[in-house]
Structures are given as structure tokens and as C-alpha cells.
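The values are calculated or read from the model by the stated rules, or taken from the named source; none is laboratory data. Source: prediction; values computed, not measured. A quick note on method: Cβ atoms are made from the backbone with ideal geometry, for glycine too, and the neighbour counts reach across all protein chains shown. We work out accessible area using only protein heavy atoms, side chains counted, and drop any ligands, DNA or RNA first. Shrake-Rupley method; radii C 1.70, N 1.55, O 1.52, S 1.80 Å.
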Amino acid sequence: MKKYFLLTLAVIGFAGASLAQEKPVSWNFSAKKIADKTYEVYITANITGDWHLYSQNVGVDGPVPTSFSFTKNPLLTLDGKPKEVGKLIKKKEDVWDGVVNYYEKSVSFVQVVKVKGTAKTNLAGKVEFMVCNDEKCLPPAEVDFNVNIGG
């Protein structure tokens, strides 16, 4: 009986700790065909509350810029770097000793890819990002993604 009581307490404690973790960014991933064998992959961040997510070009040393690493796929070629689509905010922040570039509410990172052949494939990878508000920053985080393309 004592074991079950301790196990129950441990489960409740773990659930409470999980709920206490802040996750101010949710990510959505999709692809849209824009030409023959050419797709735009949308990697969209939805940012809650008063948090902001840093641009790929953050502007100063300190905050971690949003970055992407794509898994090599012989059926795809990347056309340039992801483009940012959203309302870019440039603000002087004393804590970073300069002007920083970031987004609030939402931003889409759009990566153009070209498919070799006619097979269905996917673009996989990771996005690394950091969010802050006026009081604190959360540690950098990574999210894996996998988007179906072609076919």
C-alpha cells in the first residue's frame, strides 16, 4: 500500500512539474506546391502572451537566433535559406547592448525546395529558437519537424 501511495505522489508531482513548464511557442509545418516540382515549406511559430521569438539575424551577440538544420535528402534540393514572413520588430534592448530583431504573435519561415523526380518524399530537420519577454528568457529549445512533399 505504501508503494502505491508513493508512486501516486510521484506521478502527481511529475504532472505538476510538466504543467509548470512554460511553452510560449507552438509550431506548425506545411507545404504548398508553387510550381512543377517546386514547393514552399512553411515553418510557422505561434507565440503566446508577451513573449517574442528572435529572428535568424538577431542583430547582436547574446540571444540565440532562430536557426534551421535540414536532414539531407537526395530527392530534394533547398533553394536558398528560409525567408521570414511576419512583422519584424527592431528594438534597442539594454540587456543585449544593442538593437535586436524579433517577432511577436507569429512568424513563418518559408523554405523553397525542389523535388528531383516524381516520388513522394519529405523535408525533415530541426528548428532551434529562443524566446524572451520583458522579465526573462527561456533556455534555447529545439523542435523536430517532418513535412511531406511531392507525389
Inset, instruction - Could you check Val107 against (1) among the hydrophobic types (A, V, I, L, M, F, W, C); (2) assigned to a strand (DSSP E or B); (3) open to solvent by 10 Å² or more (accessible area, probe 1.4 Å) and say which number it fails? - result: (3)
Legend entry - Filter result (touching a Lys or Arg at 6+ places or on another chain (Cβ under 9 Å) and open to solvent by 20 Å² or more (accessible area, probe 1.4 Å)) within the stretch 115-124: Lys116, Gly117, Thr118
Inset, instruction - For the stretch 125-132, state whether one or more residues are modelled with pLDDT of 95 or more and either exposed (fewer than 13 other Cβ atoms within 10 Å of the Cβ) or more than 15 Å from the chain's Cα centre (by Cα) (or both). - result: no
Legend entry - Filtered residue count, the stretch 86-104, keeping only those that are outside any strand (DSSP E or B) and not small (Gly, Ala, Ser): 7
Legend entry - Selection status of Val112, modelled with pLDDT of 95 or more, surrounded by fewer than 16 Cβ atoms within 10 Å (Cβ to Cβ), touching a Gly at 6+ places or on another chain (Cβ under 8 Å) and hydrophobic (A, V, I, L, M, F, W, C): no
Inset, instruction - Being open to solvent by 30 Å² or more (accessible area, probe 1.4 Å) and assigned to a strand (DSSP E or B) is the filter; apply it to the stretch 133-150 and report the residue that is nearest to Asp94 (Cα to Cα). - result: Cys137
Legend entry - Leading residue by the ranking (farthest from Leu76 (Cα to Cα)) among those in the stretch 90-103 that are of a type outside the set (Val, Ile, Thr) and crowded, with 16+ Cβ neighbours inside 10 Å: Glu93
